[in-house]
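Below is one structure, written out as structure tokens; the observations come after it.
The values are calculated or read from the model by the stated rules, or taken from the named source; none is laboratory data. Since the model is a prediction, treat every value here as computed from it, not as a measurement. Glycine gets a Cβ as well: all are built from the backbone with ideal geometry, and neighbour counts include every protein chain shown. Protein only, heavy atoms only, side chains kept; ligands, DNA and RNA dropped before computing areas. Shrake-Rupley method; radii C 1.70, N 1.55, O 1.52, S 1.80 Å.
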Amino acid sequence: MKTISVLGSTGSIGTQTLDIVEEFPAKFKVVALTAGRNLPLLVKQIQRHNPEVVALADESLIPELEQQLQTLSQTKGPHTSPQILGGPDGLNAAASWKSAELVVTGIVGCAGLLPTLAAIKAGKDLALANKETLIAAGPVVLPELQKSGSRLLPADSEHSAIFQCLQGTPWAENARLSTGIPTPGLRRIQLTASGGAFRDWSAKDLIKATVKDAISHPNWSMGRKITVDSATLMNKGLEVIEAHYLFGIDYEFIEIVIHPQSIIHSMVELADSSVLAQLGWPDMKLPILYCMSWPHRLETPWRRLNLTDVRELTFRAPDTAKYPCMELAYAAGRLGGTMPAVLNAANEQAVAEFLDEKIHFIDIPKMIETACELHKTDWSESPGLEDILLIDKWSRKIVQEQVSKRGS
Ligand code: NAD
Ligand code: MG
């Protein structure tokens, strides 16, 4: 029985993780949950999974949660009540909860950084969905991983595909799990991308793109922020940086390929020129389950892939003029140090402004580029945690200022 802490349990990754736990009750047990503001769903999850601890990001919601749990125990009979915590310390405590063996990081954005670090420092294995944490703070997270011996298992579907393809190579034999150490024999990574919501739109039509258009992903059902990132292709840019940090491979050997069917989840080319790919229907449950069961594979009744049903797998090069975010991410990644944190925070803020209908879709890359340009004079090569947190705030402020200037 593996014990699990689920960070961001009410989100897309969190709910799919809990679905897996329900499918395999003899294999997994939830001991800790954290959530943002969705109390009705959190209460249902507490009833179902009976965790030892629950942490709310916003501690002012604790009395309301306690009240709801009390009412429930009066109307539906007794049930064990978890310890309830809140705020940053509460999230960190749930992330490093003593009885948890694996922490699934399903918080969205750099808000996941401190709980992720708490989990690493406590020596927990991680199923990493919250890529923003690694992208913003790679120079801080990687040394901590090496110190604590925590294993970083990629839950992002592309990185899971790469990880799966690397099983059985010298990399896996050395048990070097995603610690940023170069992977022997790995010549090239090809990250596949669906192309996002606007893949069939012309570049000039993007000026008309609305929030509703951007959050309708053709292949995957995900949270709003990552769905917009998929529409700008920033998600793929962030995944390039994520792959660099996870597998220790230089940027010149990481390529993006548009593959509209999302059947091949990514590919690796090895030293002898062999190319390995991992295939499956687009369903996040598989990469999450693999993190949970690794190095084993569990039998599932999930939909099986028949290539004769798919009929066609197509590929094309990405259009970097239509989607400037990819190049911005490569440039930030190549520079490294503090720049990926600036890119990531500017993106988070710009996407939030777009979702709030304060800016146009095509403004997102412009705002990120401005933040990255302005940061060049203050760039630092090996930042500490405090530097990353300050830069994250600064970059968000730069985007907010650009938005208010436009409004005035
Ligand atoms: P989501 O918006 O559906 O869920 C986010 C979760 O984080 C929710 O439980 C929310 O309550 C919590 N949360 C939000 N803000 C918080 C804060 N400030 N402090 C603490 N908790 C907070 O997002 P998602 O789509 O599940 O994505 C989660 C992470 O996984 C992201 O980093 C995303 O890039 C990554 N990811 C998601 C998918 C997917 O299919 N959804 C695929 C690959 C990677
Ligand atoms: Mg992905």
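Quick notes on this structure:
- Principal axis dimensions, the range 2-150 - Cα atoms, whole angstrom, descending: 50, 35, 25
- Length added when fully stretched, Lys208-Ser273, from 0.36 nm per residue minus Cα-Cα: 19.0 nm
- Note that the chain presents 43 Å² accessible area per residue, ligands and nucleic acids not counted, probe 1.4 Å.
- Summary of packing: across the peptides 38-45, 8-15, 156-163, the per-residue average of other C-beta atoms within 10 Å ranks them, highest first, as 156-163, 8-15, 38-45.
- Rounded to the nearest 20, the Cβ-based charge dipole of the range 2-150 about its Cα centre (Lys and Arg +1, Asp and Glu -1) stands at 300 debye.
- FRET efficiency for the pair Arg304 and Lys405, taken as 1/(1 + (r/R0)^6) with r the Cβ-Cβ distance and R0 = 45 Å, rounds to 0.25.
- Accessible area of Tyr323 in the full protein assembly, 1.4 Å probe (Å², nearest 10): 10 Å²
- When the solvent-accessible area of the range 2-150 is split by element, carbon and sulfur atoms take up 53 percent of it, the probe being 1.4 Å.
- When you count the other C-beta atoms within 10 angstrom of each residue and take the mean per peptide, 293-306, 198-211 line up highest first as 198-211, 293-306.
- Exposure rank, largest accessible area first [Met222, Met1; 1.4 Å]: Met1, Met222
- Under 19 Å from the Lys27 label point (7 Å along Cα→beta-carbon), backbone N, the range 254-294: 279-294
- The chain pair-distance distribution - Cα-Cα, 10 Å bins, rounded %: 5, 23, 32, 27, 11, 2, 0
- Fully extended contour minus Cα-Cα distance, from Lys147 to Leu313, at 0.36 nm per residue: 55.5 nm
- Once backbone amide H atoms are built at 1.01 Å from N, Phe28 has Lys2 as its partners under 5 Å, excluding neighbours fewer than 5 places away on the same chain.
- Only lysines eight or more places from Lys98 in sequence, or on another chain, were considered; those with a Cα closer than 25 Å are Lys2, Lys27, Lys29, Lys44, Lys121, Lys124, Lys131, Lys147.
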